[in-house]
Structure formats: C-alpha cells, structure tokens
Amino acid sequence: MATYSGRDGIVKAADAGGTVVAVAEVRSWSIDEEQETVEDTAMGATTRSYKTGFKAWTGSFECWWDPTDTTGQTVMDGNVELELYPAGTSTGDTYYKGPALVTTKSRNATFDGNIEASFSFQGRDDLQTLTVT
C-alpha cells in the first residue's frame, strides 16, 4: 500500500485571464464531499429506505500570508477554478478540480509567529477527480 507525504501538496487557482497558477506558501488544504440522502420509506415498510440526493463539496486551505502573490492568494476572490494536488504534479498523480465560490478569507497575526491567511470555498459544480498527464 502506498502512502504519501502532505509536503508535496499544491493548490492552484485560475487568474482573471484563465491562467492556472500555483498559490504561494500553502501549508495545508482540505476538501469535504457530501452526498445527501432522501428518505423514500413507504407506509407498511419495516425498514427505512433512501435514495441519493444532491452532491456538494466544500473546502479550505491555509497559507503563510504573502501580499506579493498577485497571481495566487490575491486571485482568491469570488468565483475561481481550483485544482488541489495531494501528492504533487508528476504524471500519474491524482488531483481534484472544480469551480468554486470563495466564501471566507481570513488573516491571523500573532506577536510571536508568522502571519497566516486562510480561504474557504464552496463548490459550484461537480468536483472532478483527475490524473496528471
């Protein structure tokens, strides 16, 4: 069984011109996929039954704040196209891609640490699981 190191992860976002660029100083990212269920149990049944409903996905990523990252961190506003790579961008690596709406941008500064930036997003369409070619 293969294992992977998170240090190889990458977040990419499309800029206004549609060019996909890597976001600088990423420390971590996450994606949560949800599948709703709709109950369709009829009277007289002895066990509840369900059908699949709508799918949705959300996520976030954290960075060291970099105001000079004008093609990455500053692109994270409104509608974006995201690509999230768990193990790098080598041929055969899996990654996730989808259009998203940036829902939260936050920065955090402490007197004894680096300034952090975090971004949360909501998927606007299907999240694709792809392979780097």
Check your understanding: How many percent of all Cα-Cα pairs in the chain sit more than 22 Å apart?
Key -> 45 percent
Revision key, fill the gap. Whole-Å distance linking the alpha carbon centroid of the stretch 1-46 with that of the stretch 100-133 is 11 Å
Exercise for review: Using a 1.4 angstrom probe on heavy atoms only, work out the carbon and sulfur share of the accessible area of the chain in %.
Suggested key: 47 percent
**Study point:** List ILE115, ILE10, ordered by accessible area with a 1.4 Å probe, largest first
**Key:** ILE115, ILE10
Point to revise | Alpha-carbon Rg/Rh ratio, for the stretch 12-60, with Rh computed the Kirkwood way | key: 1.34
Check your understanding: Using the Cβ atoms and a cut-off under 10 Å, what net charge is assigned to the surroundings of TYR85, where Lys and Arg are +1 and Asp and Glu are -1?
Key -> -1
**Study point:** Solvent-accessible heavy-atom area per residue, rounded to whole Å², over the chain at 1.4 Å
**Key:** 65 Å²
Review point. Looking only at GLU34, GLU83, GLU116, which one moves most when the chain is put into a Gaussian network model with springs between Cα atoms under 10 Å?
Key: GLU34
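The values are calculated or read from the model by the stated rules, or taken from the named source; none is laboratory data. Fair warning: this is a prediction, and the values are worked out from it, not measured in the lab. Please note: Cβ atoms are built from the backbone with ideal geometry, for glycine as well, and neighbour counts cover all protein chains shown. Areas reflect the complete protein model, heavy atoms only, side chains present, ligands, DNA and RNA absent. Shrake-Rupley method; radii C 1.70, N 1.55, O 1.52, S 1.80 Å.
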